[in-house]
Amino acid sequence: MSTSDFTGFNTRAIHAGQAHEEVYGAVVPPVHLSTTYAPVKVGELRHGYDYGRGTNPTRDSLQVQLAALEGGVDGTAQAFTFGSGLAAENALIHAVAGPGAHIVMGNDVYGGTYRLVERILGPWGVGHTVVDMADLSAVERALAESSSTEARILWLETPSNPMMKISDIAALAEAAHAAGALLVVDNTFATPYLQLPLELGADVVVHSTTKYIGGHSDVIGGAVVVNDPQLAEKVKFQQFAAGAVNGPLDAYLTTRGLKTLGVRMDRHNANAATIAQHLQGVPGVERVLYPGLPDHPGHELAARQMRGYGGMVSVQFTGGAAAAKQVAETTRLFQLAESLGGIESLMNYPAEMTHASVAGTELAVPDNLVRLSVGIEDVADLIDDLDRAISGL
């Protein structure tokens, strides 16, 4: 069956790349652990497989599945999966850029992305500019001022991490293309269930599949999705030649998680919206950042380019850093931990955890902010947990 046979998101999530195994009829495709494959004879591979770094059936199944979701039903997208989200980002940048290239990125991108560009790729000769992605004219100026003669990249997160800013993907795609740059969208927060950047004009989608796609806090991974064949060949070469691939067990766990993405995101969305609305009236809360709230500056834009507002909520407290840390350290259901997007609720203090690498820069996160990854537990229990912790301030 072709992925174009399926129009529904959940149907594609369950069936794309998941044909039953031919020998025994296993409905769930087996995990292929072999590192190498015997050819029919010298120069004649069996179904294209020779060595696990280059190709693996379990990884291929995941890549087909993810491409079917990010690329829609037209079948033009290609996905490539990696050992982590940062490995995916690194492979993409090496595929399209070199010394002298320039990256224009948002002023609140994930701290690990900034660290990769600043400290790993910077000494290699890749420059960068930080700009507010909500200010289209500022983005256009930053692109125009880039003196690169190599490929340029406009790097976008929407919703952003952790300030929950919403940026106009279609408008930024036009600006990037007018400047000869690629628009790369980190779609980790939204997932393909809520947002399809390729359909809005983006050239590349990147993911930390560790988060909502895996969904169970038990597997690290990353992905790059493109719909241009030439760009796909470049990324494929990086995946093979540099070798930062995900192993077959990791690919299997990610596939298993991806099959239930739609139903999980429905609950994440509903719980997050309820909690965001509730926290607006809680004493000690200074500000709730959630694009589903009508007073969020990006609410109308999010309503146009997303089918839901996501499961992430950021909260700032009037009591400053001390209050934020106290809340983060005293909840019971919301566990204090790095990462996000699992079925269990997590709380993070970005200023000293996920975004510690951007402390002291213009990307620094307010120290009175905590980031909630709202899980799929019963929302009344989550609200009680937050109320108890906040009432102790």
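The values are calculated or read from the model by the stated rules, or taken from the named source; none is laboratory data. Note that this is a predicted model, so its numbers are computed, not measured. Please note: Cβ atoms are built from the backbone with ideal geometry, for glycine as well, and neighbour counts cover all protein chains shown. Just so you know, the surface numbers come from the protein's heavy atoms only, side chains and all, with ligands and any DNA or RNA stripped out. Shrake-Rupley method; radii C 1.70, N 1.55, O 1.52, S 1.80 Å.
Yes or no, residue by residue, for (1) more than 20 Å from G243 (Cα to Cα); (2) over 20 Å from the mean Cα position of the chain (by Cα):
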| residue | (1), (2) |
| --- | --- |
| A13 | yes, no |
| A19 | yes, yes |
| V42 | yes, yes |
| D50 | no, yes |
| S61 | no, no |
| F80 | no, no |
| A87 | no, no |
| I93 | no, no |
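Taking A138, is it over 18 Å from E362 (Cβ atoms), assigned to a helix (DSSP H, G or I) and more than 12 Å from the chain's Cα centre (by Cα)? So A138 does not fit the description; no. For the stretch 358-386, taking the residues that are open to solvent by 50 Å² or more (accessible area, probe 1.4 Å) and part of a helix (DSSP H, G or I), the one that is farthest from G310 (Cα to Cα) is identified as D384. Only a single criterion out of (1) closer than 23 Å to S357 by Cβ; (2) touching a Lys or Arg at 6+ places or on another chain (Cβ under 9 Å); (3) at pLDDT 95 or above; (4) open to solvent by 10 Å² or more (accessible area, probe 1.4 Å) is not satisfied by L182, namely (1).
Just for the stretch 204-246: of the residues that are closer than 16 Å to N187 by Cβ and open to solvent by 30 Å² or more (accessible area, probe 1.4 Å), which one is modelled with the highest pLDDT? Once the filter is applied, the top-ranked residue is K211.
Residue count for the stretch 352-379 satisfying the condition of being touching a strand residue (DSSP E or B) at 6+ places or on another chain (Cβ under 8 Å) and within 24 Å of H278 (Cα to Cα): 9.
For G98, indicate whether it is open to solvent by less than 30 Å² (accessible area, probe 1.4 Å), out of contact with any Leu (no Cβ under 8 Å at 6 or more places or on another chain) and part of a loop (DSSP other than H, G, I, E, B). Yes; evaluated as a whole, the condition is true for this residue.
Looking at H32, is it part of a loop (DSSP other than H, G, I, E, B), without any contact (Cβ under 8 Å) to a residue 60 or more places away in the chain, over 30 Å from T129 (Cα atoms) and not polar (S, T, N, Q)? So H32 does not fit the description; no. Considering the conditions (1) open to solvent by less than 80 Å² (accessible area, probe 1.4 Å); (2) touching a residue at least 12 places away in the same chain (Cβ under 8 Å); (3) assigned to a loop (DSSP other than H, G, I, E, B), P39 is excluded by exactly one of them, (2).
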